[in-house]
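Chemist: First the structure, then my questions, so here it is.
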Amino acid sequence: MLWEPSPEFAERSNLAAYMRWLAEAGFHRFQDYSSLWLWSVTQVEEFWRSIWRYFDVQHIKEYTQVLTSRRMPGARWFTGSELNYAQSMLEGVNKDDSEVAIVHAKEDEEAEEMSWGELRSRVAAFSSYLCSVGVGRGDRVAAYLPNTPEALIALLSTASIGAVWSSCSPDFGAASTVDRFSQIQPKVLVAVDGYTYGGKRYDRRDVVERVRTSIPTIERTIVFANLDNAEPTRGIGGDVVLFEDALKSGGGRARVYENVEFNHPLWVLYTSGTTGPPKPVVHSHGGILLEHLKALSLHHDIKAGHTFFWFTTTGWMMWNLLVSGLLVGSRVVLYDGNPMYPRPDALWGLAESVGITHFGVSAAYINQCMKSGVHPREFGLSRLVQVGSTGSPLSVEGFSWVYREVNPDVWLASVSGGTDVCSAFVGCCPILPVYAGEIQCRYLGARVEAYDEVGNSILESVGELVVTEPMPSMPLYFWGDEGDKKYVETYFSVYPGVWRHGDWIKITQRGTCIIYGRSDSTIKRHGVRIGTAEIYRAVESIPEVLDSLVVDLEGLGGESKMLLFVTLKPGIELSQELQTKIKEKIRVDTSPRFVPDEVYQIGEVPRTLNGKKLEIPVKRILMGVPLDRAVNIGSVANPEALKFFLELRSKLSASR
């Protein structure tokens with residue numbers, strides 16, 4: 001055990017307050033988290049009704065039924081009710097005009113602030129402008145924007161009038177952006193002229209124009225001048241206006257919120273799309289509202305007066321979760337740039353300077369900090385309560401590093417979920433201890449189980465992560481998916497009526513969880529199966545190794561062949577001695593069965609635009625699948641990294 005909440009910390013938590021309220025309101029009296037969780041996933045309708053009441057959800061029309069049916073897919077939530085996500089974000093207690101709502105920072109620049117009053121005023125102005133150019137309920141607004149206040153203003157403006165939001169980060173290329181936005185046929189494109197990353201300026205006006213001309217439904221382009229270009233709209237044709245001019249034209253208007261039904265589309269997010277077009281996932285106003293209130297307040301324990309940060313871009317679902325910090329009255333910190341620039345400890349310096357209480361990053365970032373010798377505790381971090389980690393499993397070494405180098409009394413919140421529900425299935429809890437390498441709990445309302453190969457629920461063994469009861473933030477549908485064919489195929493084809501998420505999970509007797517990576521990228525050798533995350537955990541604990549990728553080429557030449565690829569620290573070569581060290585580490589930490597047949601040094605691991613390792617596409621390439629069928633190149637963040645594997649494929653083929 002690495003951390004345990006003090007009795008005072010647990011008692012002051014939002015979760016403890018909710019448990020007291022449940023007893024007072026006549027629901028039930030719970031003595032511990034495990035009994036509360038069990039109630040939340042067996043008495044599903046009662047639990048979500050309690051969330052609606054406890055958070056006093058703003059609404060115009062009351063619901064007639066909490067849940068029409070528990071059938072998946074097809075569950076409909078809070079039928080009859082009308083509300084608006086943007087209204088709950090912007091209105092309510094602890095949101096006085098003069099108080100700070102947003103802190104925003106860029107690389108090597110002083111952070112700036114935006115008040116609640118200014119945010120509300122700008123949202124009113126931009127939503128008025130959108131209405132004036134014909135955007136209304138159900139129309140799509142696509143955004144090609146960095147993580148700045150302008151993106152949040154545009155999201156809230158879109159939602160406030162009942163239109164549907166969708167965003168991509170400006171590091172996405174034209175092809176991958178068109179792959180996404182063309183599916184939803186947006187009416188308006190809100191785009192940036194460029195961005196800065198790692199001290200370099202990237203002009204994106206040509207990409208914006210290619211996106212605009214590739215999607216015929218775009219009637220107007222609104223350009224946010226981010227690079228101080230003399231002509232931020234140069235080269236962008238059609239009906240184009242500057243973001244600031246749009247604000248001015250809509251200025252002085254009163255705030256108006258379009259009442260929409262609970263299940264009205266709020267936004268469209270996208271799956272990674274590594275082997276085909278990205279799937280456009282549609283979430284509802286009400287489903288996201290309830291899920292994010294539950295997750296941020298009860299699990300992350302974020303309160304009014306707190307300052308919430310997660311390093312993300314607008315192309316990752318963590319941005320959508322981050323900005324929902326406004327729901328609970330916290331400040332949200334938006335950062336645009338390279339997290340390791342101009343120094344590897346830049347974000348930790350930001351945390352101290354702006355008083356971040358909840359500091360969220362990816363597990364890969366924590367690993368980078370470990371390898372770079374970063375010592376966050378040297379900044380003081382006087383207000384830091386929680387360090388969040390997601391994106392991939394955090395190693396035991398990563399857990400230990402946080403408690404050694406950040407603060408021995410910090411709360412480490414390792415969480416795992418997905419774009420699919422725009423939240424986590426398993427994650428943090430303010431009244432439970434933290435154990436090394438383990439996620440604290442299954443989330444309230446998320447009936448997560450581990451299934452064996454024949455669909456039996458198991459404990460203390462690795463199985464498929466499944467969800468056996470519906471959740472409000474599950475997708476309404478995939479945009480344009482006639483008859484829900486792709487939706488059913490993606491989640492319900494293996495276990496009919498049960499959500500299969502595609503991760504390996506072990507649920508322990510004490511209720512903690514361990515994620516072992518994607519179940520579709522499993523290594524199985526000599527009858528024994530292992531998640532690739534276990535191999536990465538072993539390999540990447542070696543100081544010389546920065547990153548790694550493993551694939552098993554079963555069937556190549558008639559037998560299994562396991563290949564490991566490693567990225568090493570600058571100046572280090574893959575010697576025979578280092579290979580032996582890597583193999584021995586895998587042998588000891590996992591099993592002799594999973595010692596790789598060959599180890600290769602590579603310049604970088606190919607990843608998706610959201611930072612996921614390209615295990616399946618690399619395996620397909622090495623198995624001889626043509627590149628255009630093995631991977632959707634537009635979804636690859638560093639396509640040049642694939643060259644090594646194409647060359648290796650030729651060598652492997654020649655040796656067969």
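Chemist: Which order do Lys583, Lys619, Lys61 fall in if you start with the one that has the fewest other Cβ atoms within 10 Å?
Modeler: Listed from fewest to most nearby Cβ atoms, that is Lys61, Lys583, Lys619.
Chemist: Of the peptides 25-33, 159-167, how do they stack up when ordered by the mean number of other Cβ atoms within 10 Å, highest first?
Modeler: 159-167, 25-33
Chemist: Given the DSSP H assignment, sum -39500 (n - 2.57) over each helix run of at least 4 residues in the chain and divide by its residue total; what's the result at 222 nm in deg cm²/dmol, nearest 500? Let's see the in-between values first.
Modeler: Values: 21 runs with 193 residues, N = 656.
Rounded to the nearest 500, it is -8500 deg cm²/dmol.
Chemist: What does the charge count near Thr64 come to, summing +1 for each Lys or Arg and -1 for each Asp or Glu among other residues with Cβ under 12 Å from its Cβ?
Modeler: Net local charge, Thr64 excluded: -1.
Chemist: Using 0.36 nm per residue, how much length does the chain from Glu109 to Leu627 gain when fully extended, once their Cα-Cα distance is taken away?
Modeler: Result: 182.3 nm gained on full extension.
Chemist: Among the chymotrypsin sites (Phe, Trp or Tyr not before Pro) within the range 304-375, which fall in a DSSP loop and have no more than 10 other Cβ atoms within 10 Å of their own Cβ?
Modeler: Answer in residue order: no site qualifies.
Chemist: Once you have the alpha carbon radius of gyration of the range 174-248, what is it after dividing by 2.2 N^0.38 Å, with N set to its residue count?
Modeler: In units of the globular-protein estimate, the range 174-248 measures up at 1.08.
Chemist: OK, next. Quote the FRET efficiency, to the nearest 0.05, computed for Thr217 versus Ser650 with a Förster distance R0 of 51 Å and r equal to the Cβ-Cβ distance.
Modeler: Approximately 0.75, to the nearest 0.05.
Chemist: Run down the lysines and flag those whose C-alpha is under 20 Å from the C-alpha of Lys200, throwing out any fewer than 8 positions away in its chain.
Modeler: By straight Cα distance, Lys200 reaches Lys106.
Chemist: Would you please give the FRET efficiency between Ser249 and Tyr202, computed as 1/(1 + (r/R0)^6) with r the Cβ-Cβ distance and R0 = 35 Å, to the nearest 0.05?
Modeler: That gives a FRET efficiency of 0.75.
Chemist: Moving on to the next point. Rounded to two decimal places and with Rh computed the Kirkwood way over Cα pairs, what is Rg over Rh for the range 522-655?
Modeler: Over the Cα atoms of the range 522-655, Rg/Rh equals 0.94.
Chemist: Tally Lys/Arg at +1 and Asp/Glu at -1 over every other residue whose Cβ is under 11 Å from the Cβ of Trp411; what's the total?
Modeler: -3
Chemist: Pairs Lys506/Lys612; Lys506/Lys583; Lys187/Lys619; Lys187/Lys485; Lys303/Lys371: which are spaced more than 28 Å apart, C-alpha to C-alpha?
Modeler: Over 28 Å apart, Cα to Cα: Lys187/Lys619; Lys303/Lys371.
Chemist: At 7 Å along Cα-to-Cβ for each site, give me the label-to-label distance between Ser493 and Glu11 in nm.
Modeler: 5.4
Chemist: Please compute the modelled spin-label separation between Ser372 and Ser98, points set 7 Å along Cα→Cβ, answer in nm with one decimal.
Modeler: According to this spin-label approximation, the distance is 3.9 nm.
Chemist: Below 14 Å, Cα to Cα, which aspartates and glutamates can Lys95 reach? Residues fewer than 8 away in the same chain don't count.
Modeler: Result set, ordered by chain and number: Glu118.
Chemist: Quick one: Cα convex hull volume of the chain, Å³ per residue?
Modeler: Once divided by residue count, the hull of the chain is 154 Å³.
Chemist: Still on this model: Multiply the residue gap between Glu453 and Glu352 by 0.36 nm, knock off their C-alpha separation, and tell me the result in nm, one decimal place. Write out the running numbers ahead of the final one.
Modeler: Working: separation 101, 0.36 × 101 = 36.36 nm, distance 4.76 nm.
So the chain would gain 31.6 nm between Glu453 and Glu352.
Chemist: Just grab the label-to-label distance for Asp484 and Ser69, each label 7 Å out from Cα along the Cβ direction, in nm (one decimal).
Modeler: About 0.8 nm separates the two model spin labels.
Chemist: Ok, one more. Antiparallel DSSP bridges in the chain: what percent, to the nearest 5?
Modeler: 55
Chemist: Can I ask one more? If the cut-off is 20 Å between C-alpha atoms, which aspartates and glutamates fall inside it for Lys585, apart from same-chain ones fewer than 8 positions away?
Modeler: Cross-link targets: Glu397, Glu534, Glu540, Glu544, Asp547, Asp552, Glu573, Glu577, Asp597, Glu598.
Chemist: Would you please give the residues with an amide H less than 5 Å from that of Thr79, counting only those at least 5 places away or on a separate chain, with H modeled from the backbone geometry?
Modeler: Thr64, Gln65
Chemist: Let me ask something else. Per the Kirkwood treatment, what hydrodynamic radius in Å, one decimal, follows for the range 105-211 from the mean inverse distance over all distinct Cα pairs?
Modeler: 14.7
Values quoted throughout were computed directly from the atomic coordinates according to the rules given, and no laboratory measurement underlies them. Since the model is a prediction, treat every value here as computed from it, not as a measurement. All Cβ positions, even for glycine, are placed from backbone atoms using ideal geometry, and neighbour counts span all protein chains on display.
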